[in-house]
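Colleague: Structure in structure tokens, see below.
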Amino acid sequence: MSSLKKVSVLVVGDVMLDEYLYGTIDRISPEAPVGVLSWTSREACLGGAANVARNLAQLGCEVFLAGVVGQDQPAQELLQLAKQSGMRTEGVVVEDRPTTLKTRVIGHGQQVLRIDKETRSELNERSAARLLDFVKKALPLVDGVVLSDYAKGVLGPAVCKSVLDMASAAGRSVVVDPKGDDFTKYRGAFLLTPNKAELGRATQLPVRNEDEIRAAIASLFARTECVAILVTRGDEGMSLYRKSGTETHIQTEARNLFDVTGAGDTVISMIARVFFADQELETAARLANVAAGIKVGKLGAAPVSIDEISAWIRQREHAGKQKLVELSQAKQLVSKARSQGRKIVFTNGCFDLLHSGHVHLLQKAKALGHILIVAINDDDSVRQLKGNGRPLISVHDRARIIAALESVDYVMVFSDSTPLRLIEELKPDVLVKGGNYSLAEVIGGKEVDKYGGRVALIPTIDTQSSSKIIKEIVARYQFTNESST
């Protein structure tokens with residue numbers, strides 16, 4: 001993050017002011033069966049597209065903001081906060097409408113009521129022309145455009161089309177945090193970032209499982225002609241789909257879920273910050289996932305800083321070193337997880353020469369529960385299974401490699417010929433093996449069935465195997481030596 005080049009971003013969308021009223025509730029009103037809040041303090045911060053802009057400014061970007069406010073006190077406060085954040089606000093148009101104001105009443109750290117003051121009508125012709133004139137002037141000065149749509153009227157079909165046409169002519173990519181039922185107004189954008197529910201509403205298709213989500217994604221690609229779609233999926237993480245047909249699934253990084261307000265703003269901001277700095281879209285998505293995990297641990301639409309992300313990465317690196325556990329530790333961890341209602345997934349293997357098939361298996365395994373435990377054979381047991389030439393990689397290194405994967409929570413090393421003893425001790429909720437096994441061949445399958453667990457077979461994505469890779473390496477090496485002589 002600290003080495004990314006500085007970028008300028010144009011944010012167009014529905015700006016709003018978020019207001020928080022804090023207090024305590026210690027009695028019931030005699031007038032109605034409702035709590036009485038004893039007011040203690042008030043706080044106001046930027047919301048909607050203005051919060052996206054604030055996030056980008058916090059991440060070191062030069063930000064141009066375009067939106068609409070009314071002629072009222074919330075507008076004055078919003079513009080003052082925007083200027084204090086360092087963004088350019090000439091593109092914020094004043095119109096005869098109330099500034100969107102969301103008032104949240106907080107008692108004892110919990111939101112007890114939200115009051116919205118807003119209008120959802122589209123911009124009048126004069127305001128739209130002023131906003132688009134600013135966009136036209138700003139485009140040569142920025143590296144990319146963010147459309148932050150909260151369905152408050154700024155990003156109507158006509159404005160969206162004009163912004164996207166101008167951005168295309170200027171050679172600027174547009175990323176969109178969408179809203180509503182009609183995503184065709186975003187036709188030509190590079191990236192859309194709907195959540196799963198929004199994907200379903202926009203396509204009028206069910207999104208209950210992976211196949212249904214893929215069908216909805218295909219429909220959305222056809223309707224919008226965008227290049228990529230990032231679906232945010234709550235505790236299921238994120239899924240990045242490209243028009244080329246590739247998929248990347250990223251598990252959630254949320255640690256302490258407290259408040260999801262502004263999480264979508266955090267995601268689109270981080271995407272823009274990284275992608276507009278000429279980094280890979282997948283890198284941008286993974287960092288956005290990290291940032292969202294930090295954000296939901298905060299109250300309100302709070303921005304996430306580079307320092308917080310760096311600290312998280314350092315913490316994750318340290319945690320990776322702590323993933324290797326013995327059976328006694330694993331049993332304690334499993335017991336604690338179960339007391340919290342979390343599901344345990346278990347799989348095992350040699351994992352000698354880690355390849356894409358292994359990674360796919362472990363990602364799919366993690367998606368079946370909350371905690372994934374991977375047991376790997378020690379060197380002696382690998383030799384018994386594979387022959388004297390194996391393993392190629394020592395158990396110490398294999399354990400470190402597996403522990404480095406995001407999908408893996410804990411790694412165990414076992415010396416028995418099978419993992420049956422571990423399965424009987426840990427009693428996982430789900431026992432996972434590759435699709436090249438049959439249910440009858442899965443060691444521990446009968447035992448898992450007896451106590452009410454289940455066995456899941458993950459279909460393999462290709463015919464790749466460690467043995468096949470080794471044979472190919474040997475064949476190529478021999479061919480090279482023969483050719484050189």
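Read the figures in this text as sums done on the coordinates, not as results from a lab. Predicted model only: the values in this text are computed from it and were never measured. Cβ coordinates were reconstructed from backbone atoms using ideal geometry, including for glycine residues, and neighbour counts include every protein chain displayed.
Colleague: Over the alpha-carbon set of region 1-121, work out the extent along each principal axis and list the three values in angstrom, largest first.
Modeller: 58, 39, 20
Colleague: A follow-up question, please. Using alpha-carbon positions, what is the distance between the centroids of region 14-84 and region 357-426, in Å?
Modeller: Their Cα centres are 49 Å away from one another.
Colleague: Could you give the length gained by full extension between residue 236 and residue 380, i.e. 0.36 nm per residue of separation minus their alpha carbon distance, to one decimal place?
Modeller: Numbers: separation 144, 0.36 × 144 = 51.84 nm, distance 3.74 nm.
That pair, residue 236 and residue 380, stretches by 48.1 nm at full extension.
Colleague: Residue 113 to residue 278: FRET efficiency via 1/(1 + (r/R0)^6), r the Cβ-Cβ distance, R0 60 Å, to the nearest 0.05? Mind dumping the intermediate values first?
Modeller: Values: r = 45 Å, r/R0 = 0.74.
Efficiency computed from Cβ-Cβ geometry: 0.85.
Colleague: Along the three principal axes, how long is region 8-317 when you take its alpha carbons, biggest first, rounded to the nearest angstrom?
Modeller: Result for region 8-317: principal-axis Cα extents of 62, 48, 39 Å.
Colleague: Can I ask one more? Enumerate the aspartates and glutamates that residue 323 could reach by cross-link, defined here as Cα to Cα under 14 Å, with residues fewer than 8 away along the same chain left out.
Modeller: Cα-Cα hits under 14 Å: 397, 406, 409.
Colleague: Right, next: Need one number: % antiparallel among DSSP beta bridges in the chain, to the nearest 5. Write out the running numbers ahead of the final one.
Modeller: On the way: 28 of 80 bridges.
Taking every DSSP beta bridge within the chain, about 35 percent pair in antiparallel fashion.
Colleague: Filter the chain for me: DSSP H helices, axial length by Cα at least 24 angstrom, mean Kyte-Doolittle hydropathy not below 0.0. List them by residue number. Let's see the in-between values first.
Modeller: Details: long enough: 466-484 (27 Å, -0.48).
Passing helices, by number: none.
Colleague: Still on this structure, I have one more. Counting only other residues whose beta carbon sits under 9 Å from that of residue 458, what net charge do I get with K and R as +1, D and E as -1?
Modeller: On the way: positive: 364, 433; negative: none.
Residues near residue 458 contribute +2 overall.
Colleague: Tally Lys and Arg at +1 and Asp and Glu at -1 over the other residues with C-beta under 12 Å from the C-beta of residue 188: what net charge comes out? The partial results should precede the final answer.
Modeller: Values: positive: 161, 172, 185, 187, 223; negative: 165, 225.
The answer is +3.
Colleague: Out of 219, 145, 160, whose Cα points farthest toward the positive end of the dipole of region 137-266 (charges: +1 Lys, Arg; -1 Asp, Glu; placed on Cβ)?
Modeller: 160
Colleague: Per 0.36 nm of contour for each residue apart, how much would the distance between residue 460 and residue 212 grow if the chain were fully extended, relative to their Cα-Cα spacing?
Modeller: On the way: separation 248, 0.36 × 248 = 89.28 nm, distance 2.01 nm.
Gain in length upon complete extension: 87.3 nm.
Colleague: Cβ neighbours within 10 Å, averaged per peptide: list 24-32, 371-379, 68-76, 173-181 in order, most packed at the top. Intermediate results must be reported in sequence, preceding the final value.
Modeller: Details: 24-32: 10.2, 371-379: 23.3, 68-76: 18.3, 173-181: 21.7.
The densest-packed peptide leads the list: 371-379, 173-181, 68-76, 24-32.
Colleague: Starting with the fewest neighbours, write out 152, 450 ranked by other beta-carbon atoms found within 10 Å of each beta-carbon. Present the calculation step by step, with values, prior to reporting the outcome.
Modeller: On the way: 152 23, 450 9.
The most exposed by this proxy come first: 450, 152.
Colleague: Got the relative contact order for the chain handy, in percent, Cα pairs under 8 Å and 6 or more residues apart?
Modeller: Details: 946 pairs, mean separation 50.6, N = 485.
It rounds to 10 percent for the chain.
Colleague: Could you give the length gained by full extension between residue 327 and residue 417, i.e. 0.36 nm per residue of separation minus their alpha carbon distance, to one decimal place?
Modeller: On the way: separation 90, 0.36 × 90 = 32.40 nm, distance 1.61 nm.
Value of the extension gain: 30.8 nm.
Colleague: Let me check I've understood the local charge: for residue 388, count other residues with C-beta under 12 angstrom from its C-beta, Lys and Arg +1, Asp and Glu -1. What total comes out? Show your work: numbers first, answer last.
Modeller: Numbers: positive: 383, 386, 390; negative: 379, 380.
Taking every other residue near residue 388 into account, the sum is +1.
Colleague: Among 421-434, 54-67, how do they line up from the highest to the lowest mean number of other beta-carbon atoms within 10 Å?
Modeller: Values: 421-434: 19.6, 54-67: 25.1.
Output ranking for 421-434, 54-67: 54-67, 421-434.
Colleague: Still on this structure, please answer the following. Once you keep just the Cα pairs under 8 angstrom separated by 6 or more residues, what percentage relative contact order results for region 336-470?
Modeller: Details: 220 pairs, mean separation 38.5, N = 135.
Relative contact order of region 336-470: 29 percent.
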